[in-house]
Amino acid sequence: MPGSTADPVRGPASAPGPIEVRRSSRRRRTVTAYRESGRTVVLIPAAFTPAEERRWVAQMVAKLQTRDERRRRSMGGDEELMARARALSAAHLDGAAQPASVRWVDNQQRRWGSCTPADGSIRLSSRLRSMPAYVVDYVLVHELAHLLEAQHDARFWALVARYPRAERARGFLEGVESARAEGAGPSADDDLVD
């Protein structure tokens, strides 16, 4: 972006990952922060003093952490995830998909979710905890559909399409993946959820 500079800084001890401060001469008063590829990016006006920068970075990191914690709490633990999966199966798949287990996992960095139809287990990446609820629900419906149809064929996609916000959620996840790949987004044929 013209007129901007990026300064990687060490953030507060409680900040997840590094913090990058981007100064912009076009930005006058507003400050924005977001997570990107494991770091926190804070956008500030170029005219801010070092003291103003420190104050705003601390404030924005705290705000992001509060938002992330609120989302984690709203998503609940594995029991809440199982209840959510059952409710989604009843609402969109006529209750036909009955998982044996549904749990959050921390070891899925490239997939949003996975399903083992043989034992009825579903695992969702804990990266989803910071995303909107409709996106988590889409991934759950996607994995529940695998309990009924293992392949990504027309029948499978017809099941997933019963979730009314499927296309919107899929677009959201494709955008996240595109940003993560720093401009080299997935092709239209890529399936970001297995």
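Observations on the model:
- Number of the exception - Ser126 against (1) farther than 21 Å from Arg165 by Cβ; (2) touching a helix residue (DSSP H, G or I) at 6+ places or on another chain (Cβ under 7 Å): (2)
- Subset of segment 33-54 [hydroxyl-bearing (Ser, Thr, Tyr) and in contact (Cβ under 8 Å) with a residue 12 or more places away in the chain]: Tyr34, Ser37, Thr40
- Filter result for Arg67 (of a type in the set (Lys, Arg) and at pLDDT 75 or above): yes
- Residues that are of a type in the set (A, V, I, L, M) and either touching a His at 6+ places or on another chain (Cβ under 6 Å) or closer than 18 Å to Gln98 by Cα (or both) within segment 119-157 comprise Ile122, Leu124, Val136, Val139, Leu140, Val141, Leu144, Ala145, Leu147, Leu148, Ala150, listed in sequence order.
- Filter result for the condition that a residue is among the polar types (S, T, N, Q) and modelled with pLDDT of 95 or more, over Gln108, Gln98: Gln98
- Members of segment 162-172 found to be open to solvent by less than 60 Å² (accessible area, probe 1.4 Å) and in contact with a Pro (Cβ under 9 Å, 6 or more places away or on another chain), listed by number: Ala169
- Those residues of segment 20-39 which are under 23 Å from Leu128 (Cβ atoms) and either at pLDDT 90 or above or of a type in the set (Lys, Arg) (or both), in sequence order: Arg35, Arg39
- Subset of segment 125-139 that is modelled with pLDDT under 90 and of a type in the set (S, T, N, Q) - its residue that is surrounded by the fewest Cβ atoms within 10 Å (Cβ to Cβ): Ser126
The values are calculated or read from the model by the stated rules, or taken from the named source; none is laboratory data. What you are looking at is a predicted structure, and each value in this text was computed from that prediction instead of being measured. Positions of Cβ are backbone-derived with ideal geometry, glycine not excepted, and every protein chain shown enters the neighbour counts. To get the accessible areas, we keep the full protein, side chains included, count just its heavy atoms, and leave off ligands, DNA and RNA. Shrake-Rupley method; radii C 1.70, N 1.55, O 1.52, S 1.80 Å.
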